[in-house]
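One structure below.
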Amino acid sequence: MSRVSTADAASAPSTPHTTTPFDDGAATAADPERENLTWELFGRAERELAAQIVASGWMPDLIIAIARGGLIPAGALGYAIGIKAMGAMNVEFYTGVGQTLEEPVILPPLMDASELPGKKVLVVDDVADSGKTLRMVMELLAHEGLDLGGQTVHVEARSAVIYRKPRSVFTPDYCWRETDKWINFPWSVLPVITPESLAQGRA
């Protein structure tokens, strides 16, 4: 089974400890002024982002979502531009002792690319906040290529996001909107559903 990997688990801290995921969308800050993306506005954003891609004349063979934030946008883009070949990479920042790593790490499960065709790859995330996640994935694809059934294919990769922050160190090829506000995404703004919240009638 062939997989996309190189900046793999070796990049993660070797000493086991309790970690808290760092959200690259930074939707948890105490800033009262937010960019509120509703489900309705998300639908419009995805259609307009898809139109950018089609208008550029560059069409991907494969879409790779950066999990978790890029999963829903990537799926919507796939439907909008008619691409069925999809994959995902789990990439996150982690905090240890109150600090984040300088660079993101790729987490298991790694993407099995053995059945995915394509030499043109579109990488999709919800937001380029620090930009480090997208930069790492794009550099990985540029230098290591994509492993398709044991054969390494050097791909032409582009990136797409709904939002880009001005502070981002990486500029995506396609972007719907730029904002310096904290972002409320419709899929992550509500609390997690737990057995306790269900028992209290809070779904």
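What to note about this one:
- When peptides 127-133, 191-197 are ranked by their average number of other Cβ atoms within 10 Å per residue, the highest-first order is 127-133, 191-197.
- Area of E144 that stays accessible when all protein chains are in place (1.4 Å probe, Å², to 10): 90 Å²
- Amide H partners (placed H, <5 Å) of N184, local residues excluded: E35, N36, L37
- Surface calculation, 1.4 Å probe, protein heavy atoms: D126 sits at approximately 20 Å² accessible.
The values are calculated or read from the model by the stated rules, or taken from the named source; none is laboratory data. All figures in this text were calculated on a predicted structure; none of them were measured in a lab. As a convention, Cβ positions derive from the backbone with ideal geometry for all residues, glycine included, and neighbour counts pool all protein chains shown. Remember, those area values only see protein heavy atoms, side chains included, never the ligands or the DNA or RNA. Shrake-Rupley method; radii C 1.70, N 1.55, O 1.52, S 1.80 Å.
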